[in-house]
Amino acid sequence: MNAIDKTHTTDISLGLMLDTLANNADLPLVFHYDGQAIRQGYHVTEVKAGNFSALDCGANPEAWSEIFVQLWDIEEGDRTHMPAARFSKIIRKVSEHVHLDGAAKLTFEVSDGVQPMQLYCASLPVRQDGALHVELSPRPASCKPRDRWLAEESRKAAACCGPSSANSACCS
């Protein structure tokens, strides 16, 4: 099978993102995607909350909450990257009208207004060079039953390859 091992994910929750931003409120917030930093004039153009119910390809019911933050990657005048506090304020404003679950998976939709919007998952913000940097990585499709199986096999291998007893068949 020629497939990507997706058992390790960089997904973070909205709550974790906001907690990190609160501790670095005055720092510029710089998103990175496709090997580049987002332009300084970027806008948060939309924040959406979704509760999803689905049936995966193994006929397993799935349910999750997800927050989508849409970023418009443009250059606008002499603007600088928005401070983390401003991003947080936008999210708070949205939460006055839309229920945002802090435990929800966070997904970013990014476009420059010309190219089609792309979906990204976010890493934990990192403080570096006087700014707060968030790496966005493409969100690939996956097979959830296969992902669960890989995670279980990985867990078994980790448990198996520790110190073994004389009568254990593990790692023999």
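Side notes on the structure shown:
- Matching residues in region 29-53 - criterion: being closer than 23 Å to LYS105 by Cα and over 17 Å from the mean Cα position of the chain (by Cα): TYR42, HIS43, THR45, SER53
- The set of residues in region 123-137 being touching a residue at least 24 places away in the same chain (Cβ under 8 Å) and loosely packed, with under 14 Cβ neighbours inside 10 Å consists of LEU124, ARG127, GLY130.
- Only one of the numbered conditions (1) assigned to a loop (DSSP other than H, G, I, E, B); (2) of a type in the set (S, T, N, Q); (3) open to solvent by less than 70 Å² (accessible area, probe 1.4 Å) is not met by THR20, and that is (1).
- Residue match in region 50-66 (condition: out of contact with any Gly (no Cβ under 8 Å at 6 or more places or on another chain), farther than 22 Å from TRP149 by Cβ and surrounded by 14 or more Cβ atoms within 10 Å (Cβ to Cβ)): no
- Filter result (within 10 Å of the chain's Cα centre (by Cα), of a type outside the set (Phe, Trp, Tyr) and open to solvent by less than 30 Å² (accessible area, probe 1.4 Å)) within region 105-122: LEU106, THR107, CYS121, ALA122
- With respect to the conditions (1) part of a loop (DSSP other than H, G, I, E, B); (2) at pLDDT 95 or above, VAL47 falls short on a single one, namely (1).
- Among the criteria (1) more than 24 Å from HIS97 (Cβ to Cβ); (2) modelled with pLDDT of 95 or more, the one ALA54 does not fulfil is (2).
- Test: residue in region 150-172 that is open to solvent by 70 Å² or more (accessible area, probe 1.4 Å), modelled with pLDDT under 90 and touching a helix residue (DSSP H, G or I) at 6+ places or on another chain (Cβ under 7 Å): yes
- In summary, strands (runs of 3 or more DSSP E) completely within region 71-148 and bearing 3 or more residues that are of a type outside the set (Asp, Glu) and under 17 Å from LEU27 (Cα atoms) occur at 126-128, 131-138.
- Flag if PHE52 is without any contact (Cβ under 8 Å) to a residue 24 or more places away in the chain, part of a strand (DSSP E or B) and either of a type outside the set (Gly, Ala, Ser) or at positive phi (or both): yes
- Among the conditions (1) open to solvent by less than 40 Å² (accessible area, probe 1.4 Å); (2) in contact with a His (Cβ under 6 Å, 6 or more places away or on another chain), the only one that VAL69 does not satisfy is (2).
The values are calculated or read from the model by the stated rules, or taken from the named source; none is laboratory data. Note that the structure is a prediction, hence the values are computed from the model and not measured. So basically every Cβ, Gly included, is an ideal-geometry build from the backbone, and we count neighbours across all protein chains shown. Areas reflect the complete protein model, heavy atoms only, side chains present, ligands, DNA and RNA absent. Shrake-Rupley method; radii C 1.70, N 1.55, O 1.52, S 1.80 Å.
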